[in-house]
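Down below is the structure, laid out as structure tokens.
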Amino acid sequence: MPPEGDGKSARGSRPAPTRVVRFAALPSAAERGFTVPRPRLYATVAAGGFRRHATYRVATAAGVFTNSVFGLVLSYTYIALWDERPRLGGYSVDDALAYVWIGQALLTVCGLMGGGFETELMERVRTGDIAVDLHRPADLQAWWLAANAGRCAFQLLGRGAAPMVIGALVFDFTLPDGPGRWAAFLLSVALGSLVGFALWYLVAMSAFWLLDGQGVAQAAWLCGMFFSGMLLPLNVFPGALGDLARVLPWASLLQVPADVYLGRYGDGGGLVGAYAFQGCWALVLLAAGRAAQAAATRKVVVQGG
Amino acid sequence: MAERTAAEPVARREGAAGVAGPGRARLVRRGGESWRTYRMVAGMWIRSTMTYRSSFALTLFSSFCVTFFDFVVILLMFGHVEGIGGFAFAEVAFLYGTAGTSFGLADLTTGSLQRMGRRVRDGSLDTFLLRPAPLLAQVAADGFALRRLGRLTQGLVVLVWGLLLLDGVTWTPLKVLLVPVTVVCGAVIFMAVMVVGASAQFWIQDAAEVTNSFTYGGNTLLQYPPTIFAQELVRGVVYVVPLAFVSWLPALYVLGRPAPAGVPSWAAFASPAVALVCCGLAGLVWRAGVRSYRSTGS
């Protein structure tokens, strides 16, 4: 995009007295002769995201405890439910219990009930700090994506693995057949966390227009809680509601990774189809986030004062 | 108004020094003082919320929806089965309603205590300590969120629904009396748990989430019949963290079902006593927490 502002100020002897700052009009990092190797920059941001969350050890331990308690309570309700109706939703009791603990493990990783970064991003928009972010020699979405990747990696190790181990010690739930299945599961989790990021980024972008994005965030939270299948697996949802829930993006966050874990997609075409489903949603939502970001930065009026 | 707040308790404290018998009179006076502080702070927050009426209406509605979806899960479960753990839908709705209403009441009145850790971390608790008004009342009322009425309303709706659907229960005056008593005592027990959780944050600021597992987690636990849980877990919430007295034990009596194994039948009527003991313990823990408070250095 040609920097129109620069052309004007170069022509006149004095800069125009007042004008609306357009971020697209500011010289980009490359134009200012400032270049950082991109992959290294984002790797550093991701590492920073990891370290930042790794600092809060007590909070992580508290989170693991809470996840385990909820996992325990949910497990017993699922046992009671599957006792009455064995093979409900095509799951055995052991599958259903695995599902419970996968849900607890992925709660923060895939952003089932809040992405863990959107509050901060919305606050930056509200206070005007976002102007600093937009000046950075990096893309806003890619920057937050990298930071979130670091967060997810830590959450997977800290708040993901520990409740799974605790659950496995208490209950005898289904484990994947071999290392190949674990790898397939982890890839699905990675795609799920990408979809989770894209969803919450889109939510955060709403703050550019609404300033207070709490309402949107709460609606997204509600959808996430219900349609991710965190409370009840989506294949137990009845009729049309179930059909709808299984094609919405929230299905990518927990239901698909859990079904990959349980081997319900097999190893061939079904698995590729599952990845394609998650990948498509990730692409669509990331593109939507980009479009929102572009629209927002074209019109942005920075808050301040 | 601020001046009056500042002056009143001081005057009262001087007056109390003259009264020889401390004990009960002092307790009553402190209670009155706390109540007045709480009402004043909460009232201020309500007025501030009501400045944006439509925003309030929307958040209230969405708060109701969030909790309603929680109940939809149980409805979906009953779409597949006739009963859970031998309990029919009406009975589960009754359990859900009593626990939900109690928790809603506690969340409305003392839910703000969750933010204690942050206050200790950033030192903003100092401001509260400087004011000549009871600390706990100030902290509990601060940020009073009227939108939490949504959760309470949902609990009440389910409770009434459950009561209307219950047909196998022979109502006696005792049972009729037990329902409101249970709800109120349950709320008090939940409040005590929240106060203990907030006190713990004087020592461990980042552990706020542990409280959630007893409050939100406890609420989820109590929504289901005790028959489906492991007996160790049931015993744990009877004897260790007395959440069973919030709703399970009295509700089982109302439903005409036996108490869980190893729990005496009179325990169904022990909720008020348990609530009182919980309050006492919570008060002691809170006091210890406040005494150990060191303001932040940064």
Revision key, fill the gap. By my count, helices (runs of 4 or more DSSP H) wholly in the stretch A:52-153 with at least 1 residues that are of a type outside the set (V, I, T) and more than 13 Å from chain B (Cβ to nearest Cβ) are A:93-109, A:118-127, A:130-135
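Which ranges mark the helices (runs of 4 or more DSSP H) fully within the stretch A:209-265 that have 2 or more residues being at pLDDT 90 or above and more than 13 Å from chain B (Cβ to nearest Cβ)?
Working: elements: A:214-227, A:239-247, A:255-261.
Fully inside the stretch A:209-265 and qualifying: A:239-247, A:255-261.
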Exercise for review: Inspect all residues belonging to the stretch A:245-258 and state whether any of them is farther than 17 Å from A:G115 by Cβ, touching an Asp or Glu at 6+ places or on another chain (Cβ under 7 Å) and surrounded by 14 or more Cβ atoms within 10 Å (Cβ to Cβ).
Suggested key: no
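Would you check if B:A207 is more than 10 Å from every other protein chain (Cβ to nearest Cβ) and either touching a helix residue (DSSP H, G or I) at 6+ places or on another chain (Cβ under 8 Å) or surrounded by 20 or more Cβ atoms within 10 Å (Cβ to Cβ) (or both)?
On the way: more than 10 Å from every other protein chain (Cβ to nearest Cβ): no; either touching a helix residue (DSSP H, G or I) at 6+ places or on another chain (Cβ under 8 Å) or surrounded by 20 or more Cβ atoms within 10 Å (Cβ to Cβ) (or both): yes.
So B:A207 does not fit the description; no.
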Revision key, fill the gap. Taking the stretch B:28-51 and keeping residues over 14 Å from B:L108 (Cβ atoms) and hydroxyl-bearing (S, T, Y) leaves B:S34, B:T37, B:S48, B:T51
Check your understanding: Within the stretch B:65-80, can one find any residue that is out of contact with any Leu (no Cβ under 6 Å at 6 or more places or on another chain), buried (at least 16 other Cβ atoms within 10 Å of the Cβ) and more than 11 Å from chain A (Cβ to nearest Cβ)?
Key -> no
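Let's see how each residue does on (1) within 25 Å of A:A147 (Cβ to Cβ); (2) free of Cβ contacts under 8 Å to residues at least 40 places away in the same chain:
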residue: A:F185; (1), (2): yes, no
residue: A:L234; (1), (2): no, yes
residue: A:S252; (1), (2): yes, no
residue: A:A258; (1), (2): no, no
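Quick check: is even one residue across the stretch A:187-197 within 15 Å of the chain's Cα centre (by Cα), away from chain B (no Cβ under 14 Å) and without any contact (Cβ under 8 Å) to a residue 60 or more places away in the chain? Show your work before the answer.
Of the residues in the stretch A:187-197, the ones within 15 Å of the chain's Cα centre (by Cα) are A:187-197.
Within this subset, residues satisfying the condition of being away from chain B (no Cβ under 14 Å) are A:187-197.
Checking the rest, the ones that are also without any contact (Cβ under 8 Å) to a residue 60 or more places away in the chain come to A:190.
Within the stretch A:187-197 (the criterion being within 15 Å of the chain's Cα centre (by Cα), away from chain B (no Cβ under 14 Å) and without any contact (Cβ under 8 Å) to a residue 60 or more places away in the chain), the answer is yes, since at least one residue qualifies.
What residue, of B:A261, B:A270, B:A230, is modelled with pLDDT under 95 and surrounded by 15 or more Cβ atoms within 10 Å (Cβ to Cβ)?
On the way: B:A261 fails: surrounded by 15 or more Cβ atoms within 10 Å (Cβ to Cβ); B:A230 fails: surrounded by 15 or more Cβ atoms within 10 Å (Cβ to Cβ).
Result of the check over B:A261, B:A270, B:A230: B:A270.
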Review point. Restricting attention to the stretch B:74-93, which residues are of a type outside the set (D, E, K, R) and under 23 Å from the mean Cα position of the chain (by Cα)?
Key: B:I74, B:V92, B:A93
Point to revise | Looking only at the stretch B:66-87, and only at residues there that are assigned to a loop (DSSP other than H, G, I, E, B) and of a type outside the set (A, V, I, L, M, F, W, C), the one that is nearest to B:L221 (Cα to Cα) | key: B:G85
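Among the residues in the stretch B:53-63, are any touching a residue at least 12 places away in the same chain (Cβ under 8 Å), over 22 Å from the mean Cα position of the chain (by Cα) and in a helix (DSSP H, G or I)? Give the derivation first.
Initial filter on the stretch B:53-63 (touching a residue at least 12 places away in the same chain (Cβ under 8 Å)): B:56, B:59-63.
From the residues that got through so far, the ones that are over 22 Å from the mean Cα position of the chain (by Cα) too are B:56.
In the following step, the residues that additionally are in a helix (DSSP H, G or I) were identified as B:56.
Among the residues of the stretch B:53-63, at least one is touching a residue at least 12 places away in the same chain (Cβ under 8 Å), over 22 Å from the mean Cα position of the chain (by Cα) and in a helix (DSSP H, G or I), which makes the answer yes.
Yes/no matrix, rows are residues, columns are (1) β-branched (V, I, T); (2) surrounded by 15 or more Cβ atoms within 10 Å (Cβ to Cβ):
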| site | (1), (2) |
| --- | --- |
| B:L125 | no, yes |
| B:F128 | no, yes |
| B:F144 | no, yes |
| B:V157 | yes, yes |
| B:D167 | no, no |
Check your understanding: What pairs come up if the first residue lies in the stretch B:197-208 and is under 12 Å from A:Y56 (Cβ atoms), the second is surrounded by fewer than 18 Cβ atoms within 10 Å (Cβ to Cβ), and their beta carbons are under 6 Å apart, counting only those six or more places apart or on different chains?
Key -> B:I204/A:V58; B:Q205/B:R121; B:D206/A:Y56; B:D206/A:V58; B:A207/A:V58
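The values are calculated or read from the model by the stated rules, or taken from the named source; none is laboratory data. Just so you know, these numbers come straight off a predicted model, no measurement behind them. Every residue, glycine among them, receives a Cβ derived from its backbone with ideal geometry; neighbour counts consider all protein chains shown.
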